[in-house]
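Right, one structure below, let's go through it.
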Amino acid sequence: MKITIAKDAGYCFGVRDAVNMAYDASEKFGEVYMLGDIVHNENVIDDLSNAGATVVSKLDDIPKNKPILFRAHGTVNDVWKEAESKDMNIIDATCPLVHEIHHEVRKLYKENRQIIVIGDHGHDEVVAISNQVPDTIVIANSEEAKKMKKFKKAGVVSQSTQMIENVQEIISILMTKVFDLNFVNTICYPTKRNHEQIKDLSTKSDLMIIIGSFTSANSKRLTELAKQRNKNTYQVTCADDLEVQWFNDIKSVGISAGASTPDYLIEGVENRIKEIDKERN
């Protein structure tokens, strides 16, 4: 059985850096604290917890002189200001590309534009982007875009892991509702590359496996993208989720993974598929 792993499967550089910073801080300070999960992957959270990283709900829960790590998704302004006012030891693990989205939003707002964010309601990254300026509108899909009122001027950005097809569909609708529309394409390049690789791999493989947590919007989008081109697609969190019957009469398997999926989980899935192939021959 031929097994092909997408070149950009798994951790993007922003997530990899954030996770490494959490491990380094745990080793240096004995422990590190985070407001919410650093990534949407239960395996990574468990590993970090064992290393000394603790998730808390508010800054007051953090012991004095212990570091707070701001996650790759970004952090709302009020929390930044509170941490700075308390002179806390802040470790900024925000993805540089997310910081860039924040910058673009503030720049568009200074042009007196209504800010619109294309993204998932309640997602950590979207919440932080929306918090950069007042009265931001979040649109998740074309149906919401159709219901939006008209504006004279608007600036639009997107959540970094959005699918380009969804963004394009929404933008085409917004163009009928906004006289002066300025769209900044903020889908990050690791996401773009992974999407293109999955599109290609899905058409060339008998079976597609997407590795990622079911709490990860990014992983679920990748699964959807693969299923649109190959109905024989399954999402798993790790090798234990693989089912032997999926591989009956299968000659080629394509594998990709969400941006919060570590290398060892990808390797584990690959090795288990090789075992299944040996067992049936």
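Structural remarks
- Calculated SAXS-style log₁₀ I(q)/I(0) at q = 0.12 Å⁻¹ - the chain, Debye, Cα scatterers: -0.81
- Adding -39500 (n - 2.57) for every DSSP H run of four residues or longer, then dividing by how many residues the chain holds, sets the calculated 222 nm ellipticity at -13500 deg cm²/dmol.
- Partners for residue 107 among aspartates and glutamates (Cα-Cα distance below 17 Å; same-chain residues under 8 apart left out): 135, 180
- Label-to-label distance, residue 184 versus residue 141, with points set 7 angstrom from Cα along the beta-carbon direction: 2.8 nm.
- Neighbour net charge for residue 163 - beta-carbon separation under 9 angstrom, K R +1, D E -1: -1
- Hits among aspartates and glutamates - C-alpha to C-alpha of residue 28 under 12 Å, sequence gap 8 or more where chains match: none
- Each label point was placed 7 Å from the Cα along the Cα-to-Cβ direction; for residue 169 and residue 49 their separation is 3.6 nm.
- Residue order, fewest to most beta carbons within 10 Å, for 175, 21, 1: 175, 1, 21
- For the stretch 13-95, the fraction of alpha-carbon pairs in successive 5 Å shells from zero, as %: 3, 16, 30, 28, 17, 6, 1
- Extents of the stretch 97-187, largest first, come to 30, 27, 19 Å (Cα atoms, principal axes, whole angstrom).
A short reminder: the numbers here are calculations on the coordinates, not readings from a lab. The structure displayed is predicted, hence computed values, not measured ones. All Cβ positions, even for glycine, are placed from backbone atoms using ideal geometry, and neighbour counts span all protein chains on display.
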